[in-house]
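Colleague: After the structure tokens below, expect a handful of questions from me.
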Amino acid sequence: MRRRVAENLTAYGFLSAALICFAVFSWYPIARGAVLGFQQVDFVTEPTWVGWENFERLFADPLFATAWRNTLLFTALALVFGFVVPFLLAVVLNELRHFKGYFRLIVYLPVMLPPVVAALIWKWMYDPGPGLLNSALRGLGLEGAAWLDSADTSMLSLVIVATWANLGTATLIYLAALQSIPGDLYEAAELDGAGVLRRLWHVTVPQTRFVLLVLLLLQVVATMQVFTEPYVMTGGGPEDSTVTVLLLLYRYAFYYNDFGTASALSLLLLLVLGAFTALYLRVTRKADV
């Protein structure tokens, strides 16, 4: 054992820096947050152990169920738009013969914008008065919509913003996967009389299945933690229709100065996402077998 350690001492030295960073900035905050979930904490007075009271306070809050429902709705809508649209866009870009680089740049440009800046731009576009979208609709003789001011359209409006802002990354990943598919498979399918849709379903989707499954998992985890769009654009309104789990967590911590309950909510979110990830990996692993 000593000889092995001595032989790999340099490798352990390189690993130690990364391990220290993870321990200080990732693992310790997770462990500390789990402890805070069972304490009454305001970072002014000494924390006191309260057991399950923070969780009981959460379950008694009417906004708790509302926040989870809104978060799940956002995730479902984001999967419809943010999962399918980048894949189809990558398929179209992969078929282009000219100006591929320019179109890739255009698709990726929104990712370069800071999320808050993108949200503010779209908030102005959604403005019911001088906003770009309603101005365009009125120019066409149509009635403008209350994009962010109506509980019926506010969540969908946020999903559109999130999809536009993150479209580029997923599209380029899909595009890289598509370009790794051997052209012989498409030629064989075309000789067998397969049309565009059949080639897409029987060749493209199976060959990119691993990438699709990985990005699906990452997108679910990311959208369940949506915060920037509702915080910047709606503040959780109208009528609490865009209050998400992280926005409620933020309110507990920085509006109510109740960091214990906020930590309890973050712990619940961690458990939910961890359970979903474990179940997802188990199901997909069985499907592969």
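Colleague: For the subset of the stretch 30-68 comprising residues that are under 21 Å from the mean Cα position of the chain (by Cα) and surrounded by fewer than 13 Cβ atoms within 10 Å (Cβ to Cβ), which member is farthest from Leu217 (Cα to Cα)?
Modeller: Here is the first cut: in the stretch 30-68, the residues under 21 Å from the mean Cα position of the chain (by Cα) are 30, 64-68.
Now narrow it down to the ones that are surrounded by fewer than 13 Cβ atoms within 10 Å (Cβ to Cβ): 30, 65.
Numbers: Ile30: 21, Ala65: 23 Å.
Of everything passing the filter in the stretch 30-68, Ala65 is farthest from Leu217 (Cα to Cα).
Colleague: Would a scan of the stretch 171-180 turn up a residue that is touching a Phe, Trp or Tyr at 6+ places or on another chain (Cβ under 6 Å) and assigned to a loop (DSSP other than H, G, I, E, B)? Before you say what the answer is, go through the steps one by one.
Modeller: Start the filter on the stretch 171-180 by keeping residues that are touching a Phe, Trp or Tyr at 6+ places or on another chain (Cβ under 6 Å), which leaves 174.
Okay, now just the ones that are also assigned to a loop (DSSP other than H, G, I, E, B), so none.
Within the stretch 171-180 (the criterion being touching a Phe, Trp or Tyr at 6+ places or on another chain (Cβ under 6 Å) and assigned to a loop (DSSP other than H, G, I, E, B)), the answer is no, since none of the residues qualifies.
Colleague: Working only within the stretch 194-209, note down all residues that are touching a helix residue (DSSP H, G or I) at 6+ places or on another chain (Cβ under 9 Å), over 11 Å from Val91 (Cα atoms) and of a type in the set (A, V, I, L, M).
Modeller: Residues satisfying the conditions are Ala194, Val203.
Colleague: Would it be correct to say that Leu109 is assigned to a helix (DSSP H, G or I) and either in contact (Cβ under 8 Å) with a residue 24 or more places away in the chain or of a type outside the set (Val, Ile, Thr) (or both)? If you could, list the steps in order and put the result at the bottom.
Modeller: Values: assigned to a helix (DSSP H, G or I): yes; either in contact (Cβ under 8 Å) with a residue 24 or more places away in the chain or of a type outside the set (Val, Ile, Thr) (or both): yes.
Yes, satisfied.
Colleague: Output yes when any residue across the stretch 90-100 is outside any loop (DSSP other than H, G, I, E, B), free of Cβ contacts under 8 Å to residues at least 12 places away in the same chain and out of contact with any helix residue (DSSP H, G or I) (no Cβ under 7 Å at 6 or more places or on another chain), and no when none is. Quick ask: steps written out before the conclusion?
Modeller: Quick first cut of the stretch 90-100, residues outside any loop (DSSP other than H, G, I, E, B) only: 90-95, 100.
From what is left, the residues that are free of Cβ contacts under 8 Å to residues at least 12 places away in the same chain are 92, 95, 100.
Those still in the list that are out of contact with any helix residue (DSSP H, G or I) (no Cβ under 7 Å at 6 or more places or on another chain) too: 92, 95.
Checked the stretch 90-100: at least one residue is outside any loop (DSSP other than H, G, I, E, B), free of Cβ contacts under 8 Å to residues at least 12 places away in the same chain and out of contact with any helix residue (DSSP H, G or I) (no Cβ under 7 Å at 6 or more places or on another chain).
Colleague: Let me ask you something else. Can you tell which of Phe14, Phe38, Phe83, Phe55 is of a type outside the set (A, V, I, L, M) and within 30 Å of Tyr174 (Cα to Cα)? Write out each step before concluding.
Modeller: Working: Phe14 fails: within 30 Å of Tyr174 (Cα to Cα); Phe38 fails: within 30 Å of Tyr174 (Cα to Cα); Phe55 fails: within 30 Å of Tyr174 (Cα to Cα).
Of Phe14, Phe38, Phe83, Phe55, the one residue that is of a type outside the set (A, V, I, L, M) and within 30 Å of Tyr174 (Cα to Cα) is Phe83.
Colleague: When you check Leu19 against the structure, is it modelled with pLDDT of 90 or more and part of a helix (DSSP H, G or I), yes or no? Quick ask: steps written out before the conclusion?
Modeller: Numbers: modelled with pLDDT of 90 or more: no; part of a helix (DSSP H, G or I): yes.
For Leu19, the condition - modelled with pLDDT of 90 or more and part of a helix (DSSP H, G or I) - is not met.
Colleague: State whether the residues of the stretch 161-170 include one that is surrounded by 15 or more Cβ atoms within 10 Å (Cβ to Cβ) and more than 30 Å from Thr66 (Cα to Cα).
Modeller: Step one: of the stretch 161-170, the residues surrounded by 15 or more Cβ atoms within 10 Å (Cβ to Cβ) are 161-170.
When the remaining residues are screened for being more than 30 Å from Thr66 (Cα to Cα), the result is 168-169.
For the stretch 161-170, residues surrounded by 15 or more Cβ atoms within 10 Å (Cβ to Cβ) and more than 30 Å from Thr66 (Cα to Cα): present.
Colleague: Continuing with this model, one more query. What residue, of Gln225, Gln219, is in contact (Cβ under 8 Å) with a residue 24 or more places away in the chain and open to solvent by 40 Å² or more (accessible area, probe 1.4 Å)? Outline the logic, then answer.
Modeller: Numbers: Gln219 fails: open to solvent by 40 Å² or more (accessible area, probe 1.4 Å).
Of Gln225, Gln219, the one residue that is in contact (Cβ under 8 Å) with a residue 24 or more places away in the chain and open to solvent by 40 Å² or more (accessible area, probe 1.4 Å) is Gln225.
Colleague: Regarding Tyr280, is this residue part of a helix (DSSP H, G or I), modelled with pLDDT of 90 or more and of a type in the set (Phe, Trp, Tyr)? Show your work before the answer.
Modeller: Values: part of a helix (DSSP H, G or I): yes; modelled with pLDDT of 90 or more: no; of a type in the set (Phe, Trp, Tyr): yes.
It is false that Tyr280 is part of a helix (DSSP H, G or I), modelled with pLDDT of 90 or more and of a type in the set (Phe, Trp, Tyr).
Colleague: Quick check on this structure: which one of Thr45, Thr66 is polar (S, T, N, Q), in a helix (DSSP H, G or I) and either without any contact (Cβ under 8 Å) to a residue 12 or more places away in the chain or closer than 23 Å to Val226 by Cα (or both)? Write out each step before concluding.
Modeller: Working: Thr45 fails: in a helix (DSSP H, G or I).
Of Thr45, Thr66, the one residue that is polar (S, T, N, Q), in a helix (DSSP H, G or I) and either without any contact (Cβ under 8 Å) to a residue 12 or more places away in the chain or closer than 23 Å to Val226 by Cα (or both) is Thr66.
Colleague: Restrict the check to the stretch 203-214 and report whether at least one residue is free of Cβ contacts under 8 Å to residues at least 24 places away in the same chain, open to solvent by 50 Å² or more (accessible area, probe 1.4 Å) and closer than 29 Å to Ile30 by Cα.
Modeller: Yes, the stretch 203-214 has at least one match.
Colleague: While we're here: Does Gly141 satisfy being farther than 21 Å from Val243 by Cα and among the small types (Gly, Ala, Ser)? Reasoning before the result, please.
Modeller: Working: farther than 21 Å from Val243 by Cα: yes; among the small types (Gly, Ala, Ser): yes.
So Gly141 passes the test.
Matching residues to (1) over 19 Å from Leu88 (Cα atoms); (2) among the small types (Gly, Ala, Ser):
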{"site": "Ile160", "(1), (2)": "no, no"}
{"site": "Ile173", "(1), (2)": "no, no"}
{"site": "Ala189", "(1), (2)": "yes, yes"}
{"site": "Asp192", "(1), (2)": "yes, no"}
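Colleague: Which residues, taken from the stretch 113-133, are without any contact (Cβ under 8 Å) to a residue 24 or more places away in the chain, in a helix (DSSP H, G or I) and either open to solvent by less than 50 Å² (accessible area, probe 1.4 Å) or over 18 Å from Gly237 (Cβ atoms) (or both)?
Modeller: The first filter runs over the stretch 113-133 and keeps only residues without any contact (Cβ under 8 Å) to a residue 24 or more places away in the chain, leaving 114, 117, 121, 124-125, 127-133.
With the extra rule that they be in a helix (DSSP H, G or I), the set shrinks to 117, 121, 124-125, 132-133.
Passing the criteria: Val117, Ile121, Met125, Leu132, Leu133.
The values are calculated or read from the model by the stated rules, or taken from the named source; none is laboratory data. Just so you know, these numbers come straight off a predicted model, no measurement behind them. Cβ sites come from the backbone with ideal geometry, for glycine too, and all protein chains shown count toward neighbours. To get the accessible areas, we keep the full protein, side chains included, count just its heavy atoms, and leave off ligands, DNA and RNA. Shrake-Rupley method; radii C 1.70, N 1.55, O 1.52, S 1.80 Å.
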